[in-house]
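Colleague: Below are the structure tokens for one structure; questions will follow.
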Amino acid sequence: MLQRNRMLTETSTSPGNGDSLAVRLNTTIRIRWLAIVGQTVAVLFIHFVMGFDMLLLPCLLVIAMSAWLNLFLRVRYPGNVRWRGPAVMGLLAYDILQLASLLYLTGGIQNPFSILLVVPVIVSAATQRAKYTALLFVLALAATSLLVFFHQPLPWFEPGGIVLPLEIKAGIWVAIASTMAFTAVYMFRMADESRKLADALAATELVLQREQHISNLDGLAAAAAHELGTPLATISLVTKEMLREAETGSSLKEDMELLHSQADRCREILRKISTLSSEEDENITTLSIGVLLEEVAAPYRLGDAVIDIRLEGEPPLPVARRNAAIIYGLGNLLENAVDFAETRVTFSASWNQQKVAITISDDGKGFSPAVLEHIGEPFISHHSASHMDTGGGLGLGLFIAKTLLERSGAMLTFRNKPAKGGAAVEVVWNRADFEQASPKSAQ
């Protein structure tokens with residue numbers, strides 16, 4: 001069980017946010033090519049089709065700078081390289097400045113395409129950390145503010161363009177700023193939750209894979225015993241032949257007798273290993289509900305809190321196949337209860353012909369409303385949880401426990417006890433799902 005705790009600690013940090021925050025360079029290049037084509041088409045259409053007078057050559061030069069940057073990045077770096085952090089922020093900052101320059105030449109904030117200034121900020125919110133998005137937001141907002149007062153005339157039918165009243169420009173500025181802020185916050189929250197969920201699911205899969213690997217060791221041991229049996233039989237046969245030829249009382253005969261006895265001992269050990277899974281399979285792979293609770297509770301009995309195990313139900317007792325997901329999940333819930341209990345944790349099981357329920361309750365402070373609202377989600381912040389005053393958290397570990405138990409067919413309910421206070425977690429299975437076609441029931 002100590003190995004289980006260490007495993008969960010490792011997996012809580014193993015899915016790296018660095019990989020989930022990385023952006024493939026080839027993706028940014030393709031998006032910039034799309035922007036280049038759109039800007040070029042818009043500028044040429046306005047000048048040649050609509051016949052508006054505008055600074056065509058400077059606009060094309062600004063667009064050409066983006067094309068040059070794309071070509072440089074394509075030649076200098078492989079397309080599948082992934083960038084994150086300052087590198088991605090630098091590319092997005094360039095996109096903001098390039099678009100702001102183009103807008104300066106074509107009417108500033110009066111240009112309908114000024115709303116596109118929000119795009120780099122939104123991309124950053126969806127892919128990067130909050131601090132980089134905040135810097136890009138400030139940059140985009142500064143560029144938008146400057147475009148209110150400093151810009152070339154907006155291309156229009158009348159010579160010299162049109163000039164909108166300052167009040168309308170201020171309204172456009174507010175619209176762009178509020179759209180940028182709202183959309184960036186929304187995208188960041190959605191992307192952050194998605195990344196955390198993906199990382200937590202990866203950690204859950206890692207726990208299951210490791211446990212599956214451990215459970216396969218008995219088969220590997222049996223295979224190794226079978227393979228080693230033949231050379232040990234040969235050694236035993238050769239030592240018997242040498243014992244017949246060795247002189248009685250000689251040191252060689254004593255060595256041969258020792259070698260023969262040790263070979264027989266090795267064969268006996270391998271015989272036990274090879275028959276372990278077949279002889280004791282039923283005892284090892286099945287657990288009555290009382291034994292299950294005792295096994296889960298055993299590692300935590302040395303703590304300050306008393307663990308009170310209670311069983312309530314009519315015979316026969318439910319018997320389940322040994323399931324690492326159930327043992328890990330219940331162990332995690334019990335560990336949290338022990339951590340936050342004042343003096344006692346009640347670990348109880350009840351059953352009937354249809355349902356099997358296991359309840360873990362403590363006499364601590366209970367869950368705060370903020371925790372109850374989001375409990376079971378990965379990485380709950382301990383700063384807002386009064387049930388976590390002692391430190392630590394109910395984030396990834398509890399998410400893994402909930403996921404493992406739900407995969408076994410259980411339904412979890414988290415609540416506070418109304419009378420004496422404290423938290424309670426109830427895990428309920430259909431009895432058929434819990435027993436999973438167990439070969440027999442305990443009496």
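Colleague: Considering only the range 262-280, how many residues are at pLDDT 80 or above and open to solvent by less than 50 Å² (accessible area, probe 1.4 Å)?
Modeller: Final tally of qualifying residues: 1.
Colleague: Next question. Which one of the conditions (1) over 18 Å from G290 (Cα atoms); (2) modelled with pLDDT of 75 or more; (3) open to solvent by 70 Å² or more (accessible area, probe 1.4 Å) does F367 fail to meet, given that it meets all the rest?
Modeller: With respect to (1) over 18 Å from G290 (Cα atoms); (2) modelled with pLDDT of 75 or more; (3) open to solvent by 70 Å² or more (accessible area, probe 1.4 Å), F367 is out only on (3).
Colleague: Restricting to the range 58-112, give me the number of residues that are under 20 Å from I46 (Cβ atoms) and of a type in the set (A, V, I, L, M).
Modeller: 13
Colleague: Next question, about the same structure. Which residues, counting only those in the range 298-343, are more than 15 Å from I360 (Cβ to Cβ) and among the polar types (S, T, N, Q)?
Modeller: Selection gives N323, T343.
Colleague: For the range 336-363, name all the residues that are open to solvent by less than 30 Å² (accessible area, probe 1.4 Å), outside any strand (DSSP E or B) and more than 12 Å from D304 (Cβ to Cβ).
Modeller: N336, A337
Colleague: For G303, indicate whether it is touching a helix residue (DSSP H, G or I) at 6+ places or on another chain (Cβ under 8 Å) and at negative phi.
Modeller: In short, yes.
Colleague: Can you run down the residue pairs with Cβ atoms below 8 Å, 6 or more apart or on separate chains, where the first is in the range 332-360 and touching a residue at least 60 places away in the same chain (Cβ under 8 Å) and the partner is among the basic types (K, R) and open to solvent by 10 Å² or more (accessible area, probe 1.4 Å)?
Modeller: Going by the 8 Å Cβ cut-off, the qualifying pairs are F340/K365; A349/R310; W351/R431; N352/R431; Q353/R431; Q354/R431; K355/R431; V356/R431.
Colleague: Give me the pairs: first residue in the range 137-161 and under 13 Å from G107 (Cα atoms), second residue assigned to a helix (DSSP H, G or I) and charged (D, E, K, R), beta-carbon distance under 6 Å, and six or more apart or on different chains, which are they?
Modeller: Listed pairs, sorted by first residue: V148/K169.
Colleague: If a residue has to be open to solvent by 50 Å² or more (accessible area, probe 1.4 Å) and touching a residue at least 40 places away in the same chain (Cβ under 8 Å) to count, how many in the range 165-174 make the cut?
Modeller: Of the residues in the range 165-174, 1 are open to solvent by 50 Å² or more (accessible area, probe 1.4 Å) and touching a residue at least 40 places away in the same chain (Cβ under 8 Å).
Colleague: Looking at T179, T106, T183, T144, can you tell me which residue is open to solvent by less than 70 Å² (accessible area, probe 1.4 Å), more than 29 Å from the chain's Cα centre (by Cα), of a type in the set (S, T, N, Q) and over 23 Å from I36 (Cβ atoms)?
Modeller: After applying the criteria, what remains is T179.
Colleague: So which residues in the range 62-81 are among the aliphatic types (A, V, I, L, M) and exposed (fewer than 10 other Cβ atoms within 10 Å of the Cβ), if there are any at all?
Modeller: V75
Colleague: Which residue is nearest to A297 (Cα to Cα), if the candidates are limited to the range 317-357 and must be charged (D, E, K, R) and touching a Ser or Thr at 6+ places or on another chain (Cβ under 6 Å)?
Modeller: Per the stated criteria, the residue is R322.
Colleague: Let me ask you something else. Given (1) of a type outside the set (V, I, T); (2) open to solvent by 40 Å² or more (accessible area, probe 1.4 Å); (3) modelled with pLDDT of 75 or more, identify the lone condition not met by K196.
Modeller: (3)
Colleague: Continuing with the same structure: Output the residues belonging to the range 123-140 that are open to solvent by less than 40 Å² (accessible area, probe 1.4 Å) and assigned to a helix (DSSP H, G or I).
Modeller: Listed by number, the residues that qualify are S124, A125, A126, T127, Y132, T133, L136, A140.
Colleague: Something else now. When the range 141-178 is examined, which residues are found to be in a helix (DSSP H, G or I), among the polar types (S, T, N, Q) and closer than 29 Å to V49 by Cβ?
Modeller: The one that is in a helix (DSSP H, G or I), among the polar types (S, T, N, Q) and closer than 29 Å to V49 by Cβ: T144.
Colleague: Can you tell me which residue in the range 2-26 is farthest from L92 (Cα to Cα), limited to those that are modelled with pLDDT of 50 or more and surrounded by 14 or more Cβ atoms within 10 Å (Cβ to Cβ)?
Modeller: Among those that are modelled with pLDDT of 50 or more and surrounded by 14 or more Cβ atoms within 10 Å (Cβ to Cβ), it is S20.
The values are calculated or read from the model by the stated rules, or taken from the named source; none is laboratory data. Keep in mind that this is a model prediction, so the values were computed, not measured. Note that we place each Cβ from the backbone using ideal geometry, even for glycine, and neighbour counts take in every protein chain shown. To get the accessible areas, we keep the full protein, side chains included, count just its heavy atoms, and leave off ligands, DNA and RNA. Shrake-Rupley method; radii C 1.70, N 1.55, O 1.52, S 1.80 Å.
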